[in-house]
Structure formats: C-alpha cells, structure tokens
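Okay, structure first, notes after.
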Amino acid sequence: MGTATLTTPQAAARRPQRAAAREPLTRSTRVLLVEDEPLTAEVFARALARDGHRVDVARDGLQALRRLHDEPPSLVVLDMSLPALPGAEVVRRVRRAGHLALPILVVSGCSRAETDLDRAELWPGAWLTKPVKPRELVAVVRRFLDAGRAGPGAEG
C-alpha cells in the first residue's frame, strides 16, 4: 500500500524544475525555401521554423514562381541546381515580376562564377556556398529580415 503525500507550495518550490521547452520565436515572416534535395529542405525548413518563420518549400523553380505569385514571401532561400527551371532563371523572373526589394539568399554547391548571374540581379541578396550549417543560414536570414523589417510578405 502506497502512501499519499501532500505537496505544499514550499515543498514544490524546493523540487528541481524542468527546463521549459524552448518555444519558437514569433516572427511575422514567410520564407520561401526552394530546394530539390529532400533532406536538405527538411533540415533547413526545421531550422527556419524553430527560429519562428513560416516556411513554404518548393521543390523546383516553376513551383517556386507559382508560390511566389500566390503569396509573396519576406525572403527566398534558393538552390541554383533545380529541376524544371534553374535557380539563375528563377532570380531573373522574380526580378522581372517586380520583386526588386525581395532578398534572395542563394545556397548552392556551385560558385557565383559558375553561373551567369551577376551581382545586380541578386541584389538584395547573398550567396552561401554549400555545405551550409542550418545555424549559419538562420543567422543570415535574420540579418536580411532585420535590415528590411517591413519588406514584402511581412505581416504588420
């Protein structure tokens, strides 16, 4: 037979406390992640979501353009080697569609010199050469979003 114990507020205060689960920050940003490699997309999407961003994943360039048209994001994370439409062409079409202030972060295994994309087409944006750690990606995303706090896709 077990014994019941009453817990007083003083006894409860002496008990070790469990660390509260870290809740994601609340951000009003939507990130469009364009990555055809499923594991990389999942890792990056989780890291961005943990940082409080709403993440929409597109698996190819055409899908990315459709999603961008449906709901403009605050920022795009874009691989260059994509099926259906290469990343450089996605950048050009995004800019031609009038999204001139939309930050585009290229995360690619190739260097900028290997593409025919010039700096002016990417601006505002950055080029990160794979492998990229999720923490590094989140830090760069934060930097760009903090710089343009009221950019497209931001909610209030």
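Listing VAL91, VAL132 from the residue with the fewest other Cβ atoms within 10 Å to the one with the most, what is the order?
By the 10 Å Cβ count, ascending: VAL132, VAL91.
Using a/c under 1.5 as the rounded threshold, could you call the range 69-143 rounded, prolate or oblate? The axes a ≥ b ≥ c are square roots of the C-alpha gyration tensor eigenvalues, and prolate needs a/b larger than b/c, oblate otherwise.
Cα axes put the range 69-143 in the oblate bin.
Pull up all non-local amide H partners of ALA58: gap of 5 or more, or a different chain, and H-to-H distance under 5 Å with H placed in the peptide plane.
LEU33, VAL34, GLU35
Need one word for the range 25-74: rounded, prolate or oblate. Basis is the Cα gyration tensor (sqrt eigenvalues a ≥ b ≥ c); a/c below 1.5 gives rounded, then a/b vs b/c decides.
Numbers: a/c = 4.13, a/b = 1.18, b/c = 3.51.
Oblate shape, in that a/c is at least 1.5 and b/c is the bigger or equal ratio.
Net charge around THR40, counting only other residues with Cβ within less than 9 Å of its Cβ (Lys, Arg = +1; Asp, Glu = -1)? Spell out each step's value before the answer.
On the way: positive: LYS130; negative: GLU35, ASP36, GLU37, GLU42, ASP79.
Taking every other residue near THR40 into account, the sum is -4.
In which sequence would HIS69, HIS99 go, from the one with the fewest C-beta neighbours within 10 Å to the one with the most?
With the sparsest Cβ surroundings first, the list reads HIS69, HIS99.
Bear in mind these aren't lab numbers, they're just calculated from the coordinates by the rules spelled out. None of these values were measured; they are calculated from a predicted model. No Cβ is skipped: glycine too gets one built from the backbone with ideal geometry, and neighbour counts run over all protein chains shown.
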